[in-house]
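The values are calculated or read from the model by the stated rules, or taken from the named source; none is laboratory data. Keep in mind the model is a prediction, meaning the values are calculated, not measured. Every residue, glycine among them, receives a Cβ derived from its backbone with ideal geometry; neighbour counts consider all protein chains shown. The protein model used for the area step is the full one, side chains on, heavy atoms only, and it has no ligands, DNA or RNA in it. Shrake-Rupley method; radii C 1.70, N 1.55, O 1.52, S 1.80 Å.
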Amino acid sequence: EKGTYPHYMLKEMDEQPGVVRKIIQEYSNDAGELAIDEPILKALRDADRIYIIAAGTSYHAGLVGKQYFEKLAGIPVEVHISSEFGYNIPLLSEKPLFIFISQSGETADSRQVLVKVKKLGHPSLTITNVAGSTLSREADYTLLLHAGPEIAVASTKAYVAQLAVLAIAAYVTGKSKGIKSDFDLKTELAIAANAIQSIVDSKEELHKISNEYLSKSRNAFFIGRNIDYYVSLEGALKLKEISYIQAEGFAGGELKHGTIALIEKGTPVFALVTQAPVALNIRGNVKEVVARGANACVISMEGLDEHDDRLVIPKVHPLLTPLVSVVPLQFISYYAALERGCDVDKPRNLAKSVTVE
Ligand code: M6R
C-alpha cells in the first residue's frame, strides 16, 4: 500500500536506505559476516567467466556488477542485453556462469536466454526481487533482492538492491578465493545507506534542481566516466520513461565524437563526478558543454567537490557510488514527471513486467 504517499515511486525511493540495511542483514551469517549460500558461492568460484543477462534498469545494474566481479572476485564478465543475446551468442568460455538480473523475474527476453543456456547445459543464477518467479524457478540458483514489492513501473529501489547484492556476491566470492580487499564491504554498505538517507531527506532541494534544469527542456544529457557513465545511462532511462523528456546517457569522453553537436543554449547536462581518477576529465567535458551554452548541473561527491557544483553527495567507497548517485537522478526525474502532469507510476506504453519478447 502506498499509504499517505501520492505515488508508489516516491515511497519506493524513500525506502532505499532501509532496503540496503535489510540486504546487509539478510546476507550476514551468524558470525555477522557477509555471506551467500555455499552452493552459489561454489558456482561463482568455479566460473571462469560470468555472462550477465538483463534488460533496462537491470542491465544498467549489470554494467556496474561487471566491475564488482572483475575487481573484487577476479572473474571476467560480459554484460548482455537479453533481447540481443540470442541472435549472436558469443564464443563462450569453458566454464561459464550465467547471471540473470531481473526485478520481476518474469522478463520474457531474459527467459528466452535462460531456456537456451539450459539447453547448452550451463549453470545459471537469477538475482531477483520475486521469490518463485519464472526466472528464479528455472535457474539453478537464486539470490533475492529483499527490496519488498516494487509497484511503480520505474525501477528505483530494485536497482539499488541489485547493486548491493551484486557487490556482496562479488566480495564474498573474492574473499573465498583468498583475494585480499582493503575495505570492509559491510561497513561501507552501511555508510552508503546513510548517504542515501541524506539524499532522500534533501528531496525539496532536488525538486528545485529539477525545476531549474528541466522545466522548459525537451531533451537532456547525463554524462559520466567509468562507473559514473553507467549511472548516467540509468539517469537518462528514468527521466525518459516517466517524464517523456528525451534523454541520453553518455560517456563524457565520447561526446566530442559527434553528440556534442546537439548541445545548444540551455540544453540541460547532468554530470556525475564521483570517481577521483577521472574527475578532472569529466570536469573538462563539463567545460566543453558549458562553452556551447549547456545548462550544466554537476553532481559531485564530497572530497571531489568544487565551489559551484550544484549538488554534493556524501562520500562513500568509490565502488559503491552508484547506489548513492542514482538517487538524486531518480528524484529529479520524479519531480520532472510530476511537474508535467505525467502518470508517474504508470507511464504510457509501459508495463511493470515485460512478458513478451
Ligand atoms: O523485471 P526486470 O528487471 O527484468 O525488468 C527489466 C526492465 O523491463 C525494467 O528494468 C525497465 O527498464 C524499468 N521500467 C526501468 O525503470
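Per-structure values
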{"read-out": "At q = 0.14, 0.23 Å⁻¹, base-10 log of I(q)/I(0) for region 236-306 (Debye sum, equal scatterers on each alpha carbon)", "value": "-0.44, -1.09"}
{"read-out": "Which of E106, E188 is most accessible, then next, and so on - probe 1.4 Å", "value": "E106, E188"}
{"read-out": "Loop-located trypsin sites (Lys or Arg not before Pro) in region 167-205 whose Cβ has at most 10 other Cβ within 10 Å (DSSP)", "value": "K180"}
{"read-out": "Under the Karplus curve 6.51 cos²θ - 1.76 cosθ + 1.60, θ = phi - 60°, whole-Hz ³J(HN,Hα) for region 179-184, x wherever Gly or Pro sits", "value": "7, 7, 10, 8, 8, 9"}
{"read-out": "Cα-derived Rg over Rh, computed across the chain with Rh taken as Kirkwood radius", "value": "0.95"}
{"read-out": "Table column - 3J(HN,Hα) (Hz), region 138-152, Karplus curve with 6.51, -1.76, 1.60, x for Gly and Pro", "value": "8, 8, 5, 9, 9, 10, 8, 7, 6, 8, x, x, 10, 9, 4"}
{"read-out": "Among the listed pairs K118/K177; K208/K238; K22/K352, those beyond 20 Å (Cα-Cα)", "value": "K118/K177; K22/K352"}
{"read-out": "Contact order normalised by residue count of the chain, Cα under 8 Å, 6+ apart, percent", "value": "20 percent"}
{"read-out": "Rg in Å to one decimal, and Dmax rounded to a whole Å, for region 104-173 via C-alpha atoms", "value": "12.5, 36"}
{"read-out": "Kirkwood Rh, Cα atoms: Rg over Rh of region 92-137", "value": "0.97"}
{"read-out": "Cα-based convex hull volume of region 1-106 per residue, rounded to whole Å³", "value": "143 Å³"}
{"read-out": "Region 52-159: equivalent-ellipsoid semi-axes (sqrt of 5 x gyration tensor eigenvalues, Cα, Å)", "value": "21, 16, 13"}
{"read-out": "Cα-based reach from K265 at 16 Å (exclusive), listing lysines while leaving out same-chain residues under 8 positions away", "value": "K216, K287"}
{"read-out": "For region 271-357, average projected area of the Cα convex hull in nm²", "value": "8.4 nm²"}
{"read-out": "For the chain: accessible area per residue (Å², 1.4 Å)", "value": "42 Å²"}
{"read-out": "Simple spin-label estimate for Y5 and A131 in nanometres, 7 Å along Cα-Cβ", "value": "2.1 nm"}
{"read-out": "Net charge of Cβ neighbours under 12 Å - reference I245; Lys, Arg +1; Asp, Glu -1", "value": "+2"}
{"read-out": "Normalised per residue, the volume of the convex hull around the Cα set of region 177-232 (Å³)", "value": "116 Å³"}
{"read-out": "Top positive-direction residue, dipole computed over region 72-142 with Cβ charges, set F98, G74, A139", "value": "A139"}
{"read-out": "Region 194-321 - convex hull of alpha carbons, volume per residue in Å³", "value": "102 Å³"}
{"read-out": "For F222, residues with placed amide H under 5 Å, excluding near neighbours", "value": "E248, G249, F250, F270"}
{"read-out": "Shape box of region 82-215 [Cα atoms, principal axes, largest first, Å]", "value": "52, 40, 28"}
{"read-out": "Fraction of accessible area attributable to carbon and sulfur, region 153-231 (%, probe 1.4 Å)", "value": "48 percent"}
